[in-house]
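Before any comments, here is the structure.
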Amino acid sequence: MNRSFGVALALVALLASAAPLGGCAAEDTSADQTDQASGAALTPRRGAVIVDGCSLDTFQAEALASPSAKKVLKEVVFLCAVPRYDGTVQPSDPSALATLAALVDKLTMAGYSVRIGVSFTDETGTRYDGAQTASLLADASWRGEVTAALHTFAVTSHAAGLEIDLQQLPATARADVTAFMGALSTAVRPAAQLVLLAPPSVSAPSDVVGGDAIDLVAIAPLVDRVRVMTVDFSCCGGMPGPTIDSGWAVDAVRFAGGLGASNLDVAFPLFGVDFGPGGQRSVSWLEAQGLADSHQQPIVRGPTGAPNFHYQDGDGAHALWFDDAVSTIDTLDAWSVLSPDVGVVYFGLGSEDPALWDAIARRLP
Amino acid sequence: MSCRGCSTWVLRRLRTASACGALGAVLFAGETPARAESWYWQLAFGPATQWLPQSPRFSLDATQTPLRTVGGGDVGTIGATSWLGGYADMGFAISDRWQIPVVGIGVYAPVGSYALTHVTRDGSFVELQPWTAFLIDVPLPGIGVRVKQRRWMFTGALRTAVVIANVQARVANGAAWADLGRVSATLFAVRAEITACRRFDPETRACVWIAPNVYEVGIANGGSLGLRWEWGP
C-alpha cells in the first residue's frame, strides 16, 4: 500500500508539474508568419491601371511593356482630361493631342484597351473644388459644352472610352451629376465606353466626402462599368494608416453592387502615403524604401500586411505607410470572397514595387 | 479511397462502436459493483500529451468590429500542434475481460513555439495565435479487452471522443487590430488505446498508454501518450 501511495503521489506530482508546462507554448518570433493562402492561385480578374497624367515615363512604359503586366492588366486609363471653367477640355493644343493619340495607338497595338480619365479638378489640375464644380454642373449649357468637348476628346485621342472622376461634390449636386452622366452616356455610348470612378461609400448617407453626390442607382444603367475607388483608406486628416483595408474595400464593392451596379471594379493603391506635421503626401515604393534606408528605420508590417515605418526629419515625426508585392498579393487573395466578375483597378502606375507585376503574374493561373 | 469514402467508412464504425458502448452501459447499469459480481467500475486519472499534425479548422461567428461586420465562417487551422495536460476517465470492466470506457474529460494546452497564423475571413485579415489555444477532450464510450498476467494487465480499446478546441483571434482594422475573442472548433474522434499496467494490488495500478488517432481531423492524424493511475478490479 505504501508503494501504491508513493506511486500515486508521484503521478499527482507529475500531473501538477505538467499543468504549468501545458501553458508554456509561446510565439515563435523568429519564424515567418504562417499564411495559409500563400502559394494558392489568385482568382483571375479583369485588370486595369490608372496613370495620373497624359504620358508615360520610362518606368511606366517598361512596366506596361512587360509580359507580366500584360497578363495582369487589360486596360490603361490616363487621368488626363480636365474640363475647364470656360467649358472646354484640356489639353487642347494639337501637339499634346497628337502625342496622346500616338501613345494610345501604341498601347492599343500592344493589346491594351486605353481610356481617357476625366478629372474635375480646378485649373491647377491637382485640387478638387467640389463647390465650384457643383456650380458648373448646375449650368446646363456648361454641361452641354463639356459633354461635346469630351466626346471630341475621346475621338481625337483614339481612346476606347471615357472614365469620369468626380470628387468632393456636395450632396446638392446629385441631380446635376446624374444629368451630366446621362448626357455623356448618350453622346459617347455605344461607340465608346463610359466608366464612372465612384467614391467608396459603405453606407447611405455616404461615409465619404462626395459620396452622396453620386446616385449609383440612377447612374449604373448609364455606364459600362463602375470602379469603386477603394484607395485613401487613411486620409484626409485621419490617423496614419494603410492606404487600403481589404475588408473595407469588400464592403464598398458590396454596397455599390447593392445599389444596382453590376460591372464593378475594386481599386488598389500603388502609392503610399507619408503622414507628417505638414500633412499627407503620396510617395512611391522606391521613395519609401529610400526614406527608410536614409533614416535607418526598420520597416514593419501592419495588421493588413502593409509595410510602414516612422522617421524624424526637420519638420517633425513622420509615419509612412505603403504597399509592396507581398501586401498587394495578400489583399488580392483576401478578395477571393468577391465574385470573379469584380475586376481590379490599380491606381498610380509608376509608384509600385518594381517586382509587383511579376509577382502577381506568377500567382495567376 | 477518396476522403469522402474514408469519412463514410469511419462514420459507420463510429456508429457501431458507440452502439456497443451504449448497449454495454444499458445492460449493466444499476448493477451493484462487488468483487464477486460480473462488472466493476474503473476510475483513472493522469497526465498526457497529444500530437496533432493537422489541427482542426476553426470557425468564427459573424462579429461586429469598429470597422465592419466580419461575416462568420471558416478561419482555417493553426497547423501541427503538440499538447500537454491531464485527464480523468471512468468506465467499467465486465467479467474481468471486457473493458467498457464510458466517459472522461481532459484539458490540454499547447507546448512549443508557434508562429502567428494569418488567414482571411470575409475579405479581412484574421490572425490566429496558436500559443493561446486550449483543447477540451471528452472521451466517450468505447469497447476494449483486457488481459491479466500476474502483476501486469494489458488493455486494448477502441474509443470515441468529442474534442473542443479554441484559440484567440483578432482581425485587421486598418492600422490596428480588433479582438475577435476565441474562435472554436468541435470535432469527433476515434482512437485506439493500448495500455500496459503494473498492478500493485487487486484494485490499484499504474499504467502507461498510447492512443493513435484512428480519426481526428483526418485519418491517422497523430495520437496521444500518457500515464495513468487506475482504481478498480
Of all residues in the range A:189-215 being in contact with a helix residue (DSSP H, G or I) (Cβ under 6 Å, 6 or more places away or on another chain) and part of a helix (DSSP H, G or I), the one that is surrounded by the fewest Cβ atoms within 10 Å (Cβ to Cβ): A:Asp212
Those residues that are touching a strand residue (DSSP E or B) at 6+ places or on another chain (Cβ under 7 Å), hydrophobic (A, V, I, L, M, F, W, C) and surrounded by fewer than 23 Cβ atoms within 10 Å (Cβ to Cβ), I need them from the range A:234-260; list them, please. A:Cys235
From B:Phe154, B:Phe200, B:Phe188, grab the single residue that is part of a strand (DSSP E or B), touching a helix residue (DSSP H, G or I) at 6+ places or on another chain (Cβ under 6 Å) and aromatic (Phe, Trp, Tyr). B:Phe200
Any residue at all in the range A:97-115 that is assigned to a loop (DSSP other than H, G, I, E, B), within 21 Å of A:Val188 (Cβ to Cβ) and at pLDDT 95 or above? yes
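Going by the conditions given, is B:Arg191 without any contact (Cβ under 8 Å) to a residue 24 or more places away in the chain, over 30 Å from A:Asp232 (Cα atoms) and not hydroxyl-bearing (Ser, Thr, Tyr)?
No; evaluated as a whole, the condition is false for this residue.
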Within the range A:282-296, of all residues that are more than 15 Å from A:His318 (Cα to Cα) and touching a Gly at 6+ places or on another chain (Cβ under 9 Å), the one nearest to the other protein chains (Cβ to nearest Cβ) is A:Trp285
Taking the residues in the range B:216-227 that are buried (at least 22 other Cβ atoms within 10 Å of the Cβ) and not polar (S, T, N, Q) as candidates, determine which candidate is nearest to B:Met153 (Cα to Cα). B:Gly226
Hey, can you tell me all the residues within the range B:178-198 that are buried (at least 18 other Cβ atoms within 10 Å of the Cβ) and within 11 Å of chain A (Cβ to nearest Cβ)? B:Ala178
Residue count, the range A:79-119 (criterion: small (Gly, Ala, Ser) and either surrounded by 15 or more Cβ atoms within 10 Å (Cβ to Cβ) or over 22 Å from A:Thr58 (Cβ atoms) (or both)): 8
Within the range A:120-150, of all residues that are at pLDDT below 95 and farther than 20 Å from A:Gly211 by Cα, the one surrounded by the most Cβ atoms within 10 Å (Cβ to Cβ) is A:Glu123
Being over 27 Å from B:Asp122 (Cβ atoms), surrounded by 21 or more Cβ atoms within 10 Å (Cβ to Cβ) and of a type in the set (A, V, I, L, M) is the filter here, so list the residues in the range B:159-177 that pass it. B:Ala161
For A:Val226, are the conditions met, namely being under 20 Å from the mean Cα position of the chain (by Cα), of a type in the set (A, V, I, L, M), closer than 29 Å to A:Gly272 by Cβ and not in a loop (DSSP other than H, G, I, E, B)? yes
Of (1) β-branched (Val, Ile, Thr); (2) away from chain B (no Cβ under 13 Å); (3) crowded, with 21+ Cβ neighbours inside 10 Å, A:Ile299 satisfies every one except (3)
Any residue in the range A:83-94 that is closer than 10 Å to A:Leu136 by Cβ sitting within a Cβ distance under 6 Å of a residue that is not aliphatic (A, V, I, L, M)? List the pairs, counting only those 6 or more apart or interchain. A:Arg84/A:Gln90; A:Gly87/A:Trp142; A:Gly87/A:Glu145
Got at least one residue in the range A:134-145 being part of a loop (DSSP other than H, G, I, E, B), in contact (Cβ under 8 Å) with a residue 24 or more places away in the chain, out of contact with any strand residue (DSSP E or B) (no Cβ under 9 Å at 6 or more places or on another chain) and more than 19 Å from A:Cys80 (Cα to Cα)? yes
Any residue at all in the range B:153-169 that is over 21 Å from the mean Cα position of the chain (by Cα) and more than 30 Å from A:Gly302 (Cα to Cα)? yes
Determine, yes or no, whether A:Ala325 is crowded, with 18+ Cβ neighbours inside 10 Å and either within 14 Å of another protein chain (Cβ to nearest Cβ) or not polar (S, T, N, Q) (or both). yes
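Checking the conditions here, which among A:Thr156, A:Thr186, A:Thr172, A:Thr178 is on the phi < 0 side of the Ramachandran plot, without any contact (Cβ under 8 Å) to a residue 24 or more places away in the chain and either of a type in the set (Val, Ile, Thr) or surrounded by 23 or more Cβ atoms within 10 Å (Cβ to Cβ) (or both)?
Just a single option satisfies the conditions, and that option is A:Thr186.
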Can you name the strands (runs of 3 or more DSSP E) wholly within the range B:41-132 that have at least 2 residues being facing another protein chain (nearest Cβ under 7 Å), in contact (Cβ under 8 Å) with a residue 24 or more places away in the chain and closer than 23 Å to B:Val162 by Cα? B:81-94, B:98-111
Per the filter on the range B:133-151, residues in a strand (DSSP E or B) and away from chain A (no Cβ under 14 Å) are B:Val138, B:Pro139, B:Leu140, B:Pro141, B:Gly142, B:Ile143, B:Gly144, B:Val145, B:Arg146, B:Val147, B:Lys148, B:Gln149
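The values are calculated or read from the model by the stated rules, or taken from the named source; none is laboratory data. Worth saying up front: this structure is predicted, and the values here are computed from it rather than measured. Cβ: placed from backbone, ideal geometry, glycine included. Neighbour counts: every protein chain shown.
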